[in-house]
1. On the protein heavy atoms, probe 1.4 angstrom, tell me the percent of accessible surface of the chain carried by carbon and sulfur.
2. For the chain, take the longest principal axis of its alpha carbons; what is the angle in degrees between that and the long axis of helix 116-129, to the nearest 10 within 0 to 90?
3. If you count only protein heavy atoms with a 1.4 Å probe, what accessible area per residue comes out for the chain, rounded to a whole Å²?
4. Just need log10 I(q)/I(0) for the range 61-142 at q = 0.14, 0.15, 0.20 Å⁻¹, Debye formula, equal scatterers on the alpha-carbon atoms, no solvent, rounded to two decimals.
5. Using the Cα atoms of the chain, I'd like the radius of gyration and the largest Cα-Cα distance, Dmax, both in angstrom.
6. With a 1.4 Å probe and all protein chains kept in place, how much accessible area does residue 34 have, in Å² rounded to the nearest 10?
7. Report, in degrees rounded to the nearest 10, the 0 to 90 angle that the Cα long axis of helix 166-178 makes with the longest principal axis of the chain.
Amino acid sequence: NRDKIFYEASGGVVTVSGGEAMLQPQLVYELFEKCRQAGIHTCIETSGFAAESAFKQVLPLTDYILFDLKLMNPDKHLKYTGKPNNLVLSNAKLIAGTRIELLFRMPLIPGINDDWQNIKDTADFIVRQTKNTRRIELMPYHRLGKGKYESLGREYLFPELLAPESEQVENIKKAFENENILCTISR
């Protein structure tokens with residue numbers, strides 16, 4: 001309550017993220033319920049890998065969703081994330097069928113998900129599933145986390161991986177825009 005003036009003045013929003021916040025739907029629900037009572041907007045940042053029932057519990061109190069779409073190919077998704085993507089895509093369809101403001105996001109990783117087949121499949125999915133404004137944010141890979149891994153004594157799994165070329169990122173942006181998907185690039 002003491003920060004309510006900040007939220008009102010800034011048009012701010014309470015965002016839950018993770019790990020995966022949707023693995024604790026009761027906690028998110030209770031937090032969002034208090035936010036609603038205080039007139040504060042709510043947002044979920046999610047990978048989509050959570051039970052459908054978790055989303056159904058929390059969606060009535062949610063204003064915005066930032067939803068990561070990494071890979072459309074199920075085999076590649078399993079290989080690179082360790083999880084299948086059927087639950088992710090099912091939850092994306094569920095959310096896209098609501099009136100909640102939705103922004104898909106794609107962490108853009110060279111050689112992993114920046115190929116034209118994945119871009120086309122992602123655009124097709126967004127166009128087929130989204131009735132309202134179609135939006136995606138490209139989040140080009142960067143190596144800023146490498147130092148953090150080293151300071152924690154952990155192995156950085158992709159030491160040779162470089163950030164995508166800005167020309168490639170711009171071409172991917174244009175490909176989404178050609179499908180009438182509003183596309184932004186986080187820097």
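The values are calculated or read from the model by the stated rules, or taken from the named source; none is laboratory data. Remember, predicted model here, so these are calculated numbers, not experimental data. SASA here: full protein model, heavy atoms, side chains in, ligands and nucleic acids out. Shrake-Rupley method; radii C 1.70, N 1.55, O 1.52, S 1.80 Å.
1. Carbon-and-sulfur percentage of accessible area, whole number: 52.
2. Roughly 30 degrees between the two axes.
3. 58
4. -0.45, -0.51, -0.91
5. Expressed in Å, the Cα Rg and Dmax of the chain come to 17.5, 49.
6. 140
7. 60
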